[in-house]
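Single-structure report; data block below.
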Amino acid sequence: MKKRILSGMRPTGKLHIGHILGALKNWVRLQDEYQCYYMVADLHALTSEYEDTNKMQENICEMVIDWLACGIDPAKSTILVQSRIPEHSELHLILSMITPVSWLERCPTYKEQMHEIKGKDLSTYGFLGYPVLQAADITMYKAEVVPIGEDQLPHLELTREIVRRFDQFFGNILPEPQALLTDVPRLLGTDGRKMSKSYNNAICIADGEGEIKRKIMAMVTDPQRLRPTDVGQPDICSVFSYHKIFSPSQLAEIKEKCQGGQRGCVECKKILLENILKFLGPIQEKRKVFEKDVPYLEKILQEGTAKAQELARVTMDEVKKAVRLK
Ligand code: TRP
Ligand code: SF4
């Protein structure tokens, strides 16, 4: 029997190359080895995007198209929409009964986002409970393994703590999940800041050639290099950090030409552009096919969600009996 995996992503807009390298590549790889459940975390999106939900359905579609285009295969993996399975909300509520508020308040992601994200009122009950909802997602499917980025580790640790507390009160129903950390090359945005949709510094999967070119040509290089013949320092150049990922076979040459003042930054960026277009080409081709087939998309979501709900019902039944709500 293959082990079960659950992971999720919030539908907050178009996905970018950071998502491919950080999560999707890994999700695709895991499909053969595990029973994979990949979840559209729309309720999680609602915890911070509740002020403007106009694009929610569009974002869900776009994100799932990106997943499929990157190689998530509905014949192998179950794709589900969190809010369509009310058991998620139910389990979240039950787990919230035993979760001390202090655990949530000291969660580093909570403290960070409260400080960092300006212009949004995150002082809500729902946002504080974000990790409890995530614990419900994971335990609902009794996932043993959770592939996540490092930023999500505190949430997984909280899940494990909540599971242990549930166990103390109600018995051993929910398994403690393990994190599957992916060592991801940290790719910064094209402006050198953290890659983020809100900074508009990320190359999106759905970007056209012109847009990608504009973003690459605007990238910051070695600031001390003014002329193509100046000696460059690739190690402090953000274009070079992209080359490390997208131009592996040319890396030595790129470095040499930069350090020897033999190639200008514009030329160097053109090579990167070409390689990124080559990398995204097949993904974008597939994207176009799925984009046109909304009924197929809906079918996948319906089937995946129905399959997931069967499991969710079993778990909820066990949980309710254990808690004596049944
Ligand atoms: N919080 C996760 C993120 O922002 C998304 C998520 C929701 C998730 N539920 C999950 C990830 C369950 C793993 C398991 O990336
Ligand atoms: Fe960066 Fe390339 Fe310019 Fe060197 S030549 S500074 S690696 S863009």
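The values are calculated or read from the model by the stated rules, or taken from the named source; none is laboratory data. Just so it is clear, the structure is predicted and the values come from calculations on it, not from any experiment. Positions of Cβ are generated from backbone atoms using ideal geometry, with glycine treated the same way; all protein chains shown enter the neighbour counts.
Within the stretch 137-149, does at least one residue satisfy the condition of being assigned by TED's automatic domain parsing to the domain that holds residue 16, under 30 Å from residue 220 (Cβ atoms) and surrounded by fewer than 13 Cβ atoms within 10 Å (Cβ to Cβ)?
Within the stretch 137-149, not a single residue is assigned by TED's automatic domain parsing to the domain that holds residue 16, under 30 Å from residue 220 (Cβ atoms) and surrounded by fewer than 13 Cβ atoms within 10 Å (Cβ to Cβ).
Check 86, 100 and return the single one that is under 19 Å from residue 313 (Cα atoms), away from ligand 1 (no atom under 14 Å from the Cβ) and either among the charged types (D, E, K, R) or out of contact with any helix residue (DSSP H, G or I) (no Cβ under 8 Å at 6 or more places or on another chain) (or both).
Just one listed residue meets the conditions, 86.
Checking the conditions here, which among 278, 292, 321, 270 is surrounded by fewer than 18 Cβ atoms within 10 Å (Cβ to Cβ) and within 30 Å of residue 92 (Cβ to Cβ)?
321
Only one residue in 248, 223, 234, 228 is away from ligand 1 (no atom under 16 Å from the Cβ) and within 26 Å of the chain's Cα centre (by Cα), so which one is that?
248
Hey, could you check the stretch 37-83 for residues that are within 12 Å of ligand 1 (Cβ to nearest atom) and among the aromatic types (Phe, Trp, Tyr) and say which is nearest to residue 279 (Cα to Cα)?
38
Filtering the stretch 142-160 down to residues that are within 13 Å of residue 6 (Cα to Cα), touching a residue at least 24 places away in the same chain (Cβ under 8 Å) and aliphatic (A, V, I, L, M), which residue is farthest from ligand 1 (Cβ to nearest atom)?
Among residues in the stretch 142-160 that are within 13 Å of residue 6 (Cα to Cα), touching a residue at least 24 places away in the same chain (Cβ under 8 Å) and aliphatic (A, V, I, L, M), the one farthest from ligand 1 (Cβ to nearest atom) is 145.
Would you tally the residues in the stretch 13-36 being near ligand 1 (Cβ under 9 Å from one of its atoms) and in contact with a helix residue (DSSP H, G or I) (Cβ under 8 Å, 6 or more places away or on another chain)? It would help to see each step written out before you state the result.
The first filter runs over the stretch 13-36 and keeps only residues near ligand 1 (Cβ under 9 Å from one of its atoms), leaving 23.
Cutting the leftovers down to in contact with a helix residue (DSSP H, G or I) (Cβ under 8 Å, 6 or more places away or on another chain) gives us none.
The total comes to 0.
Please verify whether the stretch 27-36 includes one or more residues that are within 15 Å of residue 309 (Cβ to Cβ) and either of a type outside the set (S, T, N, Q) or within 15 Å of the chain's Cα centre (by Cα) (or both).
No, the stretch 27-36 contains no residue that is within 15 Å of residue 309 (Cβ to Cβ) and either of a type outside the set (S, T, N, Q) or within 15 Å of the chain's Cα centre (by Cα) (or both).
Cβ contacts < 6 Å: first residue farther than 11 Å from residue 276 by Cα and free of Cβ contacts under 8 Å to residues at least 40 places away in the same chain, restricted to the stretch 194-223; second residue surrounded by fewer than 19 Cβ atoms within 10 Å (Cβ to Cβ) and of a type in the set (Asp, Glu), any location; separation 6+ or different chain. Result?
201/191
Only one of these conditions is not met by residue 137: (1) part of a helix (DSSP H, G or I); (2) over 22 Å from the mean Cα position of the chain (by Cα). Which number is it?
That leaves (2) as the condition not met.
If a residue has to be in a loop (DSSP other than H, G, I, E, B) and away from ligand 1 (no atom under 16 Å from the Cβ) to count, how many in the stretch 190-212 make the cut?
Initially, the stretch 190-212 is screened for residues in a loop (DSSP other than H, G, I, E, B), giving 190-196, 200-203, 205-208.
Narrowing the set further to residues that are away from ligand 1 (no atom under 16 Å from the Cβ) leaves 190-193, 200-201, 203, 205-208.
Qualifying residue count, the stretch 190-212: 11.
How many of the residues making up the stretch 102-126 are farther than 20 Å from residue 196 by Cα and either under 19 Å from the mean Cα position of the chain (by Cα) or among the acidic types (Asp, Glu) (or both)? Full working, then the answer.
Step one: filter the stretch 102-126 for residues farther than 20 Å from residue 196 by Cα, giving 102-107, 123-126.
Among the residues that remain, those that are also either under 19 Å from the mean Cα position of the chain (by Cα) or among the acidic types (Asp, Glu) (or both) are: 105.
Qualifying residue count for the region: 1.
Taking only pairs six or more apart or across chains, which ones have beta-carbon atoms under 8 Å, a first residue in the stretch 1-21 that is within 18 Å of residue 179 (Cα to Cα) and in contact (Cβ under 8 Å) with a residue 24 or more places away in the chain, and a second residue that is among the basic types (Lys, Arg) and more than 10 Å from ligand 1 (Cβ to nearest atom)?
Taking only residues 6 or more apart or on different chains, the pairs are 4/142.
Just to confirm my filter: which helices (runs of 4 or more DSSP H) fall fully inside the stretch 213-326 and include at least 2 residues that are within 10 Å of ligand 2 (Cβ to nearest atom) and either among the aliphatic types (A, V, I, L, M) or farther than 29 Å from residue 60 by Cβ (or both)?
238-246, 251-259, 265-291
Whether any residue in the stretch 297-304 is within 30 Å of residue 172 (Cα to Cα), surrounded by 14 or more Cβ atoms within 10 Å (Cβ to Cβ), touching a helix residue (DSSP H, G or I) at 6+ places or on another chain (Cβ under 8 Å) and not assigned by TED's automatic domain parsing to the domain that holds residue 248 is what I want to check.
For the stretch 297-304, residues within 30 Å of residue 172 (Cα to Cα), surrounded by 14 or more Cβ atoms within 10 Å (Cβ to Cβ), touching a helix residue (DSSP H, G or I) at 6+ places or on another chain (Cβ under 8 Å) and not assigned by TED's automatic domain parsing to the domain that holds residue 248: absent.
Quick one: which of 90, 105 is of a type in the set (D, E, K, R) and either surrounded by 20 or more Cβ atoms within 10 Å (Cβ to Cβ) or farther than 23 Å from residue 5 by Cα (or both)? Please lay out each step first, then the result.
Details: 90 fails: either surrounded by 20 or more Cβ atoms within 10 Å (Cβ to Cβ) or farther than 23 Å from residue 5 by Cα (or both).
Answer to the selection: 105.
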